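Chemist: Got a structure here, written out as structure tokens. Questions coming.
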Amino acid sequence: EDEAARAARERLRTHRRLVLPGASVSVKVTMRRDADASRDLPPAPVSDRFPCRAKELESFWVLVGCKQTGALLGIKKVNTLATEPLAVTVKCSVPEDTTAGRQKWTLFVMNDTFLGVDQEFNFTMDVEPAEMS
């Protein structure tokens, strides 16, 4: 794990927000490609089974979910990353039945083209008790 990944994990671990069940939350992520500085774009995908993909470039899916419940809270597709940082905002919906207290969520970054580049980052959100009416 490189220094940038460790720093990102630390920022996620220490930055907490209070949310209410049923609320919408925006999770902001800065993505950057760790690549050769001489290239602006990644190599084109090569596959005998999907020759049409050779003209396309890779994309990433950024997902926020809860592994314990299997809930998908938010998803966003991000087109090709260059070497410049890209700010991404994933809109998430906190389920109505979320229990109050510290909840462990996971940010998944998944590549739709290449194997072995997917990443996971764990973070917590503090859920306030829902008000009874």
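The values are calculated or read from the model by the stated rules, or taken from the named source; none is laboratory data. The structure displayed is predicted, hence computed values, not measured ones. Glycine also receives a Cβ, built like all others from the backbone with ideal geometry; neighbour counts cover every protein chain displayed. Ligands, DNA and RNA are stripped out before the accessible areas are found, and what is left, the full protein with its side chains, is counted by its heavy atoms. Shrake-Rupley method; radii C 1.70, N 1.55, O 1.52, S 1.80 Å.
For every residue, the table says whether it meets (1) out of contact with any Leu (no Cβ under 9 Å at 6 or more places or on another chain); (2) surrounded by 14 or more Cβ atoms within 10 Å (Cβ to Cβ); (3) more than 17 Å from D34 (Cα to Cα).
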site	(1), (2), (3)
A87	yes, no, no
V94	no, yes, yes
R102	yes, no, yes
V109	no, yes, no
T113	no, yes, no
N122	no, no, yes
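Chemist: I want to confirm something. Restricting to the stretch 18-30 and keeping residues that are exposed (fewer than 15 other Cβ atoms within 10 Å of the Cβ) and of a type outside the set (S, T, Y), which single residue is farthest from F123 (Cα to Cα)?
Modeler: Filtering first and then ranking leaves G22.
Chemist: Right, something else. Kindly list, by first and then second residue, each pair from a residue in the stretch 96-120 that is closer than 14 Å to K67 by Cβ to a residue that is among the aromatic types (F, W, Y) and open to solvent by 60 Å² or more (accessible area, probe 1.4 Å), limited to pairs with Cβ atoms under 9 Å and residues at least 6 apart or on different chains.
Modeler: Here the result reads F108/W61, each pair linking the stretch 96-120 to a residue that is among the aromatic types (F, W, Y) and open to solvent by 60 Å² or more (accessible area, probe 1.4 Å).
Chemist: Which residues, counting only those in the stretch 94-112, are at pLDDT below 90 and in a strand (DSSP E or B)? Walk me through how you get there before you give the answer.
Modeler: Within the stretch 94-112, the subset at pLDDT below 90 is 94-103, 111-112.
Across the stretch 94-112, the qualifying residues are G101, R102, Q103, N111.
Chemist: Within the stretch 70-85, track down each residue that is closer than 27 Å to P21 by Cα, open to solvent by 90 Å² or more (accessible area, probe 1.4 Å) and either touching a residue at least 24 places away in the same chain (Cβ under 8 Å) or basic (K, R) (or both).
Modeler: K77, the sole residue that qualifies.
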